[in-house]
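> Just dropping this structure here.
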Amino acid sequence: MSASIATVHLRPGHVQPIWAGHPWVYAQAIARVEGGAPATGDEVRVIDPQGNLMGRGFWSPRKAIPVRLVVREDTTSLDDAGWLVARLEAARARRRAIGLPDATAGRETDGFRLLHAEGDGVPGLVVDVFGVDASGRGGTAVVQLGTAGLRRRARFVIEAIERVIAPSAIVDRTTISTAQSEGFTLDDELASRAPVASLRFRERGLVFDIPGDVGQKTGFYFDQRPLRACVEALARGRRVLDAYCYVGGIALSAARGGATEVQGLDDSLRAIEVAAACARENGLAERTSFLRGDVRKELPRLAGEGARFDLVVLDPPKLAPTRGDRDAAMKYQTKLVEAAAAVVAPGGLLAISSCSAALGPSEVARSLAIGARRVGRSATVLDRLGQGSDHPVPAAFPEGVYLSTLIAELG
């Protein structure tokens, strides 16, 4: 390790979370920086007030979290691909230990999150894989980089991915907003090998084929696999509404589970076209239909027409990107619950999800209770779900638990 890297000194009172394993160093935790002014993306050391090493990571001075720790010792070089290869290998082994990929007939799953940033020891890096073989290799890797430090080392990311999973293609889905906030420029440095026309994969035996011009985040919400399985188990004999359906993952699960009728609703025409195509490919078109519309407007319209569903799923986009957005997001989510509760049949079920860490289980429960009560309904929570096991979280990192779902019976 180079002795010339800058050293970040922690303030007293801010050490214990980091010592316990929290990977983030907040700006207010920093007393001073010695050894020169590090540039964006530079490697820095972090020490406590007594001089003990807390770890090393990459410097992002524009952010409220200037350092995300990558290693906890002074021996691993962050300026080669070796550490990334080791983390990817460990992540791949972790997925295989939880049954991913799965070649079991009827449960075939060859698309999942291979590496989940802090949860797999690489803050700022997400790697989803689509269509891998039984050993977890091949297919397409979709990447998002969240730090300038990793973007500067993009060639290491490519090298590690190619060595560990040898994909036919690597697709970069890093967002413009991330690049702007971190101070780097988007380019095609992470694009590798053949161009990708679509992301084709299987989840629990269902086939999905998502064209390249359609894609939220990395292309599919792998984190909601537990909810899709739960909805499938609950759907038999029920009429189901899948609001914010995207490409129909929940809708198709409900149809395969024996729902009498499934209505998908999303404001993206392209997404519902793909959902309908996936329904046809899986032989589920007869029981599914997809409608383009704004959920906030369509729910009141459906209620006014007397439409009632036995199971309604609300999986909106992130409503509270930061904790400062929490109050507005709570109002929005409560209004959504109110509108959805009006179309739930007596004794029916409502599933409500929040993908914002600022709106956790207690906030979701509050919005559920208040929204239902506004239309004269009571809500009894039957089940609680979170992100799938391919989205691991360090025990010392509560911010990593971002997905909360409650399934309630409405009286």
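The values are calculated or read from the model by the stated rules, or taken from the named source; none is laboratory data. Because the structure is a prediction, the values reported are computed rather than measured. With ideal geometry, Cβ positions are generated from the backbone for all residues, glycine too; neighbour counts draw on all protein chains shown.
> Of all residues in the stretch 359-376, which are within 22 Å of the chain's Cα centre (by Cα), surrounded by fewer than 22 Cβ atoms within 10 Å (Cβ to Cβ) and assigned to a loop (DSSP other than H, G, I, E, B)?
Hit for the stretch 359-376 is Gly360, nothing else.
> Would you point out which residue out of Thr260, Thr288, Thr322 is over 19 Å from Tyr402 (Cα atoms), of a type outside the set (A, V, I, L, M, F, W, C) and out of contact with any helix residue (DSSP H, G or I) (no Cβ under 6 Å at 6 or more places or on another chain)?
Selected residue: Thr260, the only one of Thr260, Thr288, Thr322 that is over 19 Å from Tyr402 (Cα atoms), of a type outside the set (A, V, I, L, M, F, W, C) and out of contact with any helix residue (DSSP H, G or I) (no Cβ under 6 Å at 6 or more places or on another chain).
> A further question follows. What's the total number of residues in the stretch 266-306 that are among the small types (Gly, Ala, Ser), in contact with a strand residue (DSSP E or B) (Cβ under 8 Å, 6 or more places away or on another chain) and farther than 20 Å from Val207 by Cβ?
2
> Checking the structure you have, find out if any residue of the stretch 20-31 is part of a loop (DSSP other than H, G, I, E, B) and surrounded by fewer than 15 Cβ atoms within 10 Å (Cβ to Cβ).
Checked against the condition, which is being part of a loop (DSSP other than H, G, I, E, B) and surrounded by fewer than 15 Cβ atoms within 10 Å (Cβ to Cβ), the stretch 20-31 yields at least one hit.
> Okay, moving on. If the Cβ limit is 9 Å and pairs must be 6+ apart or interchain, which residue in the stretch 83-99 that is under 16 Å from Ile158 (Cα atoms) pairs with which residue that is in a helix (DSSP H, G or I) and of a type in the set (Phe, Trp, Tyr)?
So the pair list comes out as Trp83/Phe156; Leu84/Phe156; Val85/Phe156.
One line per residue, one yes/no per condition, for (1) farther than 22 Å from Pro316 by Cα; (2) modelled with pLDDT under 95:
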position: Ser177; (1), (2): no, yes
position: Asp187; (1), (2): yes, yes
position: Val196; (1), (2): yes, yes
position: Thr218; (1), (2): no, yes
position: Gln224; (1), (2): no, no
position: Ala243; (1), (2): no, no
position: Gly249; (1), (2): no, no
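> Another question, then. Identify, by number, the condition in (1) buried (at least 19 other Cβ atoms within 10 Å of the Cβ); (2) outside any helix (DSSP H, G or I); (3) modelled with pLDDT of 95 or more that Ser356 doesn't meet.
Here Ser356 meets the rest and fails (3).
> Which residue pairs have Cβ atoms under 8 Å apart, sit 6 or more places apart or on different chains, and have a first residue in the stretch 22-47 that is on the phi > 0 side of the Ramachandran plot and a second that is of a type in the set (Phe, Trp, Tyr)?
From the stretch 22-47, the pairs are Gly41/Phe58; Gly41/Trp59; Gly41/Phe184.
> For residues that are of a type in the set (A, V, I, L, M, F, W, C), within 19 Å of the chain's Cα centre (by Cα) and at pLDDT below 95, scanning just the stretch 298-340, find the one that is surrounded by the most Cβ atoms within 10 Å (Cβ to Cβ).
Ala329
> What's the number of the condition Ser77 fails, among (1) more than 18 Å from Arg155 (Cβ to Cβ); (2) at pLDDT below 95?
It fails just one condition, (1).
> Is there any pair linking a residue in the stretch 268-280 that is within 15 Å of Ser253 (Cα to Cα) to one that is surrounded by 18 or more Cβ atoms within 10 Å (Cβ to Cβ) and hydroxyl-bearing (Ser, Thr, Tyr), with Cβ under 7 Å and at least six apart or on different chains, and which?
Filtered contacts from the stretch 268-280: Ala279/Thr288.
> Mind checking which residues of the stretch 116-149 are of a type in the set (Ser, Thr, Tyr) and either touching a strand residue (DSSP E or B) at 6+ places or on another chain (Cβ under 9 Å) or within 19 Å of Thr175 (Cα to Cα) (or both)?
Passing the criteria: Thr140, Thr147.
Let's see how each residue does on (1) assigned to a helix (DSSP H, G or I); (2) surrounded by fewer than 19 Cβ atoms within 10 Å (Cβ to Cβ); (3) over 26 Å from the mean Cα position of the chain (by Cα):
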site: Ile250; (1), (2), (3): yes, no, no
site: Ala254; (1), (2), (3): yes, no, no
site: Val262; (1), (2), (3): no, no, no
site: Ala277; (1), (2), (3): yes, yes, no
site: Gly283; (1), (2), (3): no, yes, yes
site: Leu291; (1), (2), (3): no, yes, no
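> Can you tell me which of Ile98, Ile47 is within 27 Å of the chain's Cα centre (by Cα) and of a type in the set (A, V, I, L, M)?
After ruling out the rest, the residue left standing is Ile98.
> So in the stretch 138-149, with the set limited to residues that are assigned to a loop (DSSP other than H, G, I, E, B) and under 20 Å from Ser198 (Cβ atoms), which one is nearest to the chain's Cα centre (by Cα)?
Among them, the one singled out is Gly139.
Condition check ((1) in contact (Cβ under 8 Å) with a residue 12 or more places away in the chain; (2) charged (D, E, K, R); (3) assigned to a loop (DSSP other than H, G, I, E, B)) across all residues:
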site: Phe184; (1), (2), (3): yes, no, yes
site: Asp188; (1), (2), (3): yes, yes, yes
site: Phe201; (1), (2), (3): yes, no, no
site: Ile210; (1), (2), (3): yes, no, no
site: Asp213; (1), (2), (3): yes, yes, yes
site: Gly219; (1), (2), (3): yes, no, yes
site: Leu241; (1), (2), (3): yes, no, no
site: Tyr246; (1), (2), (3): yes, no, yes
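> Can you tell me which residue in the stretch 67-121 is farthest from Leu206 (Cα to Cα), limited to those that are in a helix (DSSP H, G or I) and touching a Phe, Trp or Tyr at 6+ places or on another chain (Cβ under 7 Å)?
By that ranking, first place goes to Leu84.
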